[in-house]
Amino acid sequence: MAATAEHLTDLLSADAVVETDRLAAHLHITKAELALALGLSRDAVSKRSRAGSPKTQQRLRDALEIINRVVPWTGSSARAFAWFRSQPLPSFGDKTAEDLLKEGRAQAVKDYLARIADGGYA
């Protein structure tokens, strides 16, 4: 998990805020695409005052944590992001991690990934 923490730190500002510019650039997407993937408004990731709000930051942190957890399995953050957006999760009626994050169920995805990492079943 050390690599995950280092990766997450790389996308945080000095005051521990997820920087949407850096995250979008890291994932090779636009901020509009980032907003869509996370179920946020474009303003929430484009305007500094909105991007720093607790709700936006929580959504960004949840997405980062989920993506970072699957990087070791997928081989890169780009592939992990593709997994996040498109891989159906059988335990959740084939919804994707993206779908679940948008529904406010990020913790369920994190718990699911923890079970898989510990050798459990999907």
Mind listing whichever residues of the stretch 54-103 are in contact with a Phe, Trp or Tyr (Cβ under 9 Å, 6 or more places away or on another chain), among the aromatic types (Phe, Trp, Tyr) and within 21 Å of ALA24 (Cβ to Cβ)? TRP83
Out of (1) assigned to a loop (DSSP other than H, G, I, E, B); (2) modelled with pLDDT of 95 or more, the one GLN107 does not meet is (1)
Only unsatisfied item for ARG59, checking (1) of a type outside the set (A, V, I, L, M); (2) assigned to a loop (DSSP other than H, G, I, E, B); (3) within 27 Å of ALA117 (Cα to Cα), is (2)
Hey, does the stretch 27-34 have a residue that's over 18 Å from LYS110 (Cα atoms), modelled with pLDDT under 95 and under 12 Å from the mean Cα position of the chain (by Cα)? yes
Please determine whether any residue of the stretch 36-53 is within 18 Å of ASP10 (Cα to Cα), crowded, with 20+ Cβ neighbours inside 10 Å and under 13 Å from the mean Cα position of the chain (by Cα). no
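The values are calculated or read from the model by the stated rules, or taken from the named source; none is laboratory data. Please read all numbers here as calculations on a predicted model, not as lab measurements. Using ideal geometry, Cβ is built from the backbone for each residue, glycine included, and neighbour counts are taken over all protein chains shown.
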